[in-house]
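Contents: one structure, followed by commentary.
No value in this document is a laboratory result; all are computed from the given coordinates. It should be emphasised that the depicted structure is a prediction, and the values quoted were computed from it without experimental measurement. Note that we place each Cβ from the backbone using ideal geometry, even for glycine, and neighbour counts take in every protein chain shown.
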Amino acid sequence: RLKSIVPLKPKLVDMCWNSCCAFIGENADCNICPICQEPRYVPERTPLQPRKLSAYFS
């Protein structure tokens, strides 16, 4: 319903499992969280699948 009123599309961003950081900007190429050392992706999964995503609108 909101989609018909507001023409914004969500952008998905990979997040640390513990919500320490988003993997954008200086962390865009990291495969582990620089704060808690949790892996970015589900282990042994092909293709790579982020463990957690967050949506934002811009």
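Which net charge results for the neighbourhood of Pro34, defined as the other residues with beta-carbon distances under 12 angstrom from its beta-carbon, given Lys and Arg at +1 and Asp and Glu at -1?
Net of charged neighbours comes to -2.
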Cβ charges +1 (Lys, Arg) and -1 (Asp, Glu), total dipole of the chain, debye: 440
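Taking neighbour Cβ counts within 10 Å as the exposure measure, how do Cys16, Cys33 sort from fewest upward?
If I rank by nearby Cβ atoms, fewest first, I get Cys33, Cys16.
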Radius, Kirkwood style, for the chain when every pair of distinct Cα atoms is counted (Å): 12.5
Ascending count of other beta-carbon atoms within 10 Å, so fewest first, for Ser19, Ser54: Ser19, Ser54
Positive dipole terminus of the chain, leading residue within Val13, Asn27, Tyr56 (C-beta point charges): Tyr56
Where labels lie 7 Å past Cα in the beta-carbon direction, separation of Lys11 and Phe57 in nm: 1.5
